[in-house]
Every structure is written in C-alpha cells, then in structure tokens.
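What follows draws every value from the coordinates through simple rules; no lab data is involved. The model shown is predicted, which means the values in this text are computed figures rather than measured ones. Backbone-built Cβ (ideal geometry, glycine too); neighbour counts: all protein chains shown.
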Amino acid sequence: MYHLSALMTKNCRYFQLYKQLNILSLENLHNIEKLCPYCKNKNIVRHGKVTSSNSQRFRCKNCLKTFTETFGSPFYRSRKHPTIWQDYLVNMWQDLSISRCSINTNIAHKTSFLWRHKILNYINNFLSLIRPHENVSMLLKVYKTTSKDMSLTDNDRSTQYDNHYFSLAFTKKKYISIHPLGKGPFSIHKIPDSFKDLIKNIYSLSLSNSNQLLQYAKKVIPKAKAGCDSFLGIYNVNMGLWFLHFFGVSLKYYSNYLHWFASKYYISTFSLKLDWINDEEVSYQ
Ligand SMILES: [Zn+2]
C-alpha cells in the first residue's frame, strides 16, 4: 500500500504535506517506486486530470485501471484545503484529543477521527516494514484487553484478560522496530511464527519480558541473553507515560499509536525538520 503515494506529483496541492509525512515515515529506508496500486506493475502513464481537484490521473498499461495521484495517501478524495490539514497535523502532534483537534481546526468530530487514523495508517505502513537485524535489544510489550466472552459472570470478566504481545526492538542504527506477535501466553511448544520470522536476521539479542520466547531465541541465536538495554527501558517508560493521553485505545489501533510514538522519537533522534513540529518539541529519547 505504501508504494502508492509515490504517485503524487509536485503539482498536487498536498505535495508538501505528503513529502513531510514521507520524511516522518523514514522514506529513505524504503524502496519507493511508482507502481500501479492494483497490480503493482511499473508500466503506468499519465491519463488526464480530475477536473474538480486538478489531480493527476494515471492509467496502468497492464491492468488498464485508472487512479489518481492521491490514492493511498491520507489526502485521497479530500476536499479540504491543505492549510486545514497542516493545521490538523500541528494539533495532532501536540497530542491533543480527537475532539480538541476537531474544535481547533473547525472540522467535524467524525472527520477528526478519520483523519487521525488516515495519517497514522499511512505512517504505520512505512514504519511497520522496519525489521530488526544484527545486534538488537528487544522488549515485549503486553497489551491487555478484557475478555468479550459474555458468558462469564461480571466477577470473572473483570479478571479475564487476553494478553496481546508486541515486540519493541532497538537496533544499533537507532531504529525502533515494532511488530505484533499475537496472543499470549507462549510456551516453548507455542512460539508464534511472527516471532520466529522476526529474529531470523539477528546476530545478538537481549530480550526481556518473556522467558519462553527467550528460551526459543537461544536455540536460534547463540548470543541471545535476558534483559534489555537502558535506552529501550527508558523509551518504554516514556511511551507508557505518553500513552496515558490515550487511555483505552482499542487493540485494532494500538500498532498505529506505537508507531506514532516512534515517529516522535525519530523527530528528535534524527532531527527531522517538519513544518508542523516546532523545534521546542519535547525529546522522547
Ligand atoms: Zn495495474
């Protein structure tokens, strides 16, 4: 999906914002090409403009479908002016609530919700592609959701949790890689394939929060040991504090929020210059 926005041309009114979102999404780490969003073929040609928005249209010579340059970006089919979007991004990156962003930018509450997730989905598409490799410190984060099983009595339900695991890995080059690992508890007989796949390019690993996964990791990576480095510990604490703003985020959006926080870390770590972030932004390292 993230390939698609490479379609945007410099004449598009959202181009500046789109460029900035790509910087924030560490576009330099990814292989971005102009591809057909339907069949991924490179053989696409310009195909007129959309009269209402003056957007460039393209046509794929392989599957013959047509699509506009904003396809796959948060601005797809938007009728709002880029200055409103920019204003929204300013508010959003101050961690303001969906309601507050809606009031401050004078858009509907529903639009504010949709925009937040369009933006976060877009960033998530890039950042979730980052894989841990070489020397890595990894921490497993547990997200507890209460059981939806209504056959339980209220008393039971309050103590029934599903544990969903996410791995947070920090690599030598200062990239944070975040991946869902599925539902725990794990055992040595029940190691998720996502974890097996995740650690295959790692030489040395320090891992905290799951003895079962560590036991497995030791079989694959001779240099695997328990613990995580202090950086990752601090990152995790800061992220926990930040998450207090968004208490009760649903599991389905959890990954988006983890990557949102990662984007804040990238802004300070790699000194990313963005129009909607002022330089006095708190450091999240
Ligand atoms: Zn195609």
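So the values come out like this:
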| read-out | value |
| --- | --- |
| Coarse-grained scattering of the chain at q = 0.11, 0.12, 0.13, 0.17 Å⁻¹, given as base-10 log I(q)/I(0) from a Debye sum over alpha-carbon atoms | -0.76, -0.88, -1.00, -1.35 |
| Cleavage-rule hits, chymotrypsin sites (Phe, Trp or Tyr not before Pro), segment 214-285, DSSP coil, Cβ neighbours within 10 Å at most 15 | PHE247, PHE270 |
| Taking only Cα atoms of segment 134-269, radius of gyration then Dmax in Å | 15.9, 49 |
| Under the span-like rule (Cα at least 18 Å along the axis, Kyte-Doolittle mean at least 0.5), DSSP H helices of the chain | 230-243 |
| Mean ellipticity per residue at 222 nm, deg cm²/dmol - from DSSP H runs of n ≥ 4 across the chain, formula -39500 (n - 2.57) | -11000 deg cm²/dmol |
| Relative contact order %, segment 134-269, counting alpha carbon pairs below 8 Å whose residues are six or more apart | 24 percent |
| Amide H partners (placed H, <5 Å) of GLY184, local residues excluded | ASN163, HIS164, TYR165 |
| Cβ-derived FRET efficiency at R0 51 Å, LYS65 paired with TYR203, nearest 0.05 | 0.70 |
| Extension gain (nm, one decimal) between SER52 and HIS245, 0.36 nm per residue minus Cα-Cα | 65.6 nm |
| Pairwise centroid distance, computed over Cα atoms, of segment 242-262 with segment 24-40, Å | 25 Å |
| Length gained when the stretch LYS225-LYS40 is fully extended (0.36 nm per residue, less Cα-Cα span) | 62.5 nm |
| Computed over the chain: relative contact order in percent, which uses C-alpha pairs under 8 Å that are six or more apart | 16 percent |
| Beta bridges by DSSP in the chain, antiparallel share as percent, to the nearest 5 | 70 percent |
| Where labels lie 7 Å past Cα in the beta-carbon direction, separation of LYS252 and ASP95 in nm | 2.6 nm |
| Ordering of 7-18, 30-41 by packing [mean C-beta count within 10 Å, highest first] | 7-18, 30-41 |
| Rough spin-label spacing in nm, given labels placed 7 Å along Cα→Cβ, for GLN212 and LYS174 | 3.7 nm |
| Label-point separation in nm, ASN106 to LYS273, each point 7 Å along Cα→Cβ | 3.1 nm |
